[in-house]
1. Answer yes or no: is there a residue in region 442-460 that is assigned to a helix (DSSP H, G or I), within 16 Å of ARG373 (Cα to Cα) and open to solvent by less than 30 Å² (accessible area, probe 1.4 Å).
2. When only residues in region 70-103 that are part of a loop (DSSP other than H, G, I, E, B) and surrounded by fewer than 17 Cβ atoms within 10 Å (Cβ to Cβ) count, which is nearest to the ligand (Cβ to nearest atom)?
3. Test each condition in (1) surrounded by fewer than 21 Cβ atoms within 10 Å (Cβ to Cβ); (2) in contact (Cβ under 8 Å) with a residue 60 or more places away in the chain; (3) closer than 22 Å to VAL14 by Cα for ASN106 and report the one that comes out false.
4. May I ask you to list pairs of residues, at least six apart or on different chains, whose Cβ atoms are under 7 Å apart, with the first in region 340-360 being touching a residue at least 24 places away in the same chain (Cβ under 8 Å) and the second being open to solvent by 70 Å² or more (accessible area, probe 1.4 Å)?
5. For the subset of region 1-15 comprising residues that are part of a loop (DSSP other than H, G, I, E, B) and of a type in the set (A, V, I, L, M), which member is surrounded by the most Cβ atoms within 10 Å (Cβ to Cβ)?
6. Return the total of residues in region 15-48 being away from the ligand (no atom under 13 Å from the Cβ) and among the aliphatic types (A, V, I, L, M).
7. Quick test for you: out of MET398, MET402, MET425, pick the one residue that is surrounded by 18 or more Cβ atoms within 10 Å (Cβ to Cβ), more than 33 Å from the chain's Cα centre (by Cα) and of a type outside the set (S, T, N, Q).
8. So which of LEU287, LEU309 is aliphatic (A, V, I, L, M) and part of a loop (DSSP other than H, G, I, E, B)?
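The values are calculated or read from the model by the stated rules, or taken from the named source; none is laboratory data. Bear in mind the structure is a predicted one, so any value in this text is a computation, not a measurement. Every residue, glycine among them, receives a Cβ derived from its backbone with ideal geometry; neighbour counts consider all protein chains shown. When the accessible area is computed, the model is the full protein with side chains, heavy atoms only, and any ligands, DNA or RNA have been set aside. Shrake-Rupley method; radii C 1.70, N 1.55, O 1.52, S 1.80 Å.
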Amino acid sequence: MYRSRPKGNLDKDVLNFLSSMKDDDPILHYDLVGSQAHSIMLYEMGHLTLTELQKILKSLEEIKENPIVLADGEEFEDIHESIESYVIKKAGGDAGGKMHTARSRNDQVILDIRMKVRDDINNLCLALANLIESLLLKAEEYKDIPMPMYTHTQQAQIGTFSHFLTSYTDALFRDMERLYIAYGRINQSPLGACAIGGTSIKIDRKMTAELLGFDSVVRNSIDATSSRDALIEYVGTLSVLATTLGRVAEDFILWSTSEFGYIELADEQSSTSSAMPQKKNPDPLELVRAKSGSVIGSLVRILCTVKGLPSGYSRDLQDLKPAIWQATTAISGSIKVMEKVVRSIQVNKGRMQDAAKNSYAISLDIAEQLVARKGLAFRTAHKIVGSLVEEAVQKGNMPLAMLGAPDIAQVVKKQGSQLDADELMQIIKEVTPVKSLALRSSLGSPNPKEQEEAIQLSIRSLSGFKTGIQKRIDKVDTAFKSLSDSVQEYLRTS
Ligand code: ARG
């Protein structure tokens with residue numbers, strides 16, 4: 001349809017190679033409403049008669065109601081050509097041939113992508129809010145149950161499952177915030193920038209932007225058609241989010257092993273082995289972990305594609321679409337699965353408590369008590385407790401609380417300390433995992449009271465976010481609803 005200078009049809013293999021039809025499904029709906037808004041604006045600016053507008057709108061409505069009408073055996077370069085050619089066929093060349101006045105596929109395609117991505121961002125933000133909510137509910141339940149924390153995947157300090165969960169929600173909040181901010185740069189209309197340099201035909205870019213629920217327009221016509229930075233930012237934020245989800249997945253995978261046994265995935269969330277009957281595998285979480293690779297892959301693919309491109313549309317940009325869709329799909333699936341896992345996860349408090357009780361992760365708390373109660377230099381306390389651990393390990397990895405008075409006295413002597421061995425023993429026995437959590441008073445520590453405050457703060461900011469997201473969704477819905485009402489109104493007008 002576009003071939004005015006080149007004669008004849010495109011070579012079949014070339015057309016096949018060139019066509020973006022398989023990647024255009026997700027923008028079909030947006031292309032239709034975008035075309036309706038553009039046509040209404042053309043009519044309002046005096047470039048279409050009412051009858052011409054009605055013919056165009058009617059054809060577009062037919063596709064909206066039944067997209068299958070587009071599949072008439074003809075091959076197209078993309079969804080834009082396919083839609084326009086249907087409109088011309090149905091509305092006639094005189095009317096339908098006017099739809100593309102003051103427009104190019106260059107502003108059209110990025111318009112469609114922006115409308116799709118803004119919906120995707122809203123949906124992802126809502127899904128993230130639900131995931132955060134599920135994590136906070138669990139965090140509320142496990143504030144007082146001690147479990148070891150790990151650095152270098154080695155037992156480090158006593159903490160709580162709740163504290164881990166709110167560490168995830170804090171990171172996910174930032175991910176949501178990044179997406180929320182990226183939305184502002186996505187929700188700007190490029191329509192009317194035309195091929196690259198605008199148009200001499202009198203159009204109203206602000207009118208189409210408003211009809212389609214955009215906050216503003218991308219002003220510069222070169223920028224509007226050439227730049228993809230807002231999309232890179234979007235997939236960039238998805239990549240960061242993917243690494244957060246990957247970390248949660250990895251923690252859960254590790255803690256669901258028989259060796260840890262802190263948590264168990266619900267049967268519905270577990271896969272099994274075709275060979276080993278005993279298996280209950282965390283495959284959904286493994287795929288969440290893997291998806292961070294594919295999302296980052298999409299980002300790199302996009303960056304490599306735009307890197308070195310000149311200003312102005314080049315067909316290279318078409319190749320961004322599948323990468324963006326793939327990143328969105330991967331993240332949306334990951335969030336959904338993660339939320340289901342969290343809501344149904346079984347927490348084995350006993351295993352956590354036992355691990356904490358038998359762990360040398362209590363060491364730092366004991367050392368700190370020597371500093372606080374006995375005025376020891378931290379370095380001295382560090383040496384004494386390190387020596388106690390060494391002694392306990394030699395006695396068959398016994399917990400520090402099981403060390404007898406003679407063992408403790410020997411350590412104190414070996415360290416040349418003035419410390420009273422009985423007093424030291426008293427401190428060791430007193431600083432249980434539960435007590436250690438109560439003693440941990442710093443802001444952001446797993447202290448149960450501190451934890452409760454953090455949870456309440458998060459619940460409050462979550463509700464603020466939800467209101468903001470809902471407002472955005474409502475704005476787009478209202479714009480689309482009133483566009484659809486106007487279309488019906490124009491169609492009824494005689
Ligand atoms: N199918 C193209 C894409 O997805 C649409 C824009 C084509 N524009 C052009 N001047 N060749 O990017």
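1. As a first pass, look at region 442-460 and keep what is assigned to a helix (DSSP H, G or I): 448-460.
From what is left, the residues that are within 16 Å of ARG373 (Cα to Cα) are none.
No, the conditions are met nowhere in region 442-460.
2. Within region 70-103, the match that is nearest to the ligand (Cβ to nearest atom) is GLU75.
3. The single condition ASN106 does not satisfy is (1).
4. Pairs found: SER344/GLU268; GLN346/GLU264; ASN348/GLU264; SER359/GLN155; TYR360/GLN155.
5. LEU10
6. The initial filter retains those residues of region 15-48 that are away from the ligand (no atom under 13 Å from the Cβ), namely 16, 29, 32-33, 35-48.
Those still in the list that are among the aliphatic types (A, V, I, L, M) too: 32-33, 37, 40-42, 45, 48.
Going through region 15-48 one residue at a time, the tally reaches 8.
7. MET425
8. From the options LEU287, LEU309, the qualifying one is LEU309.
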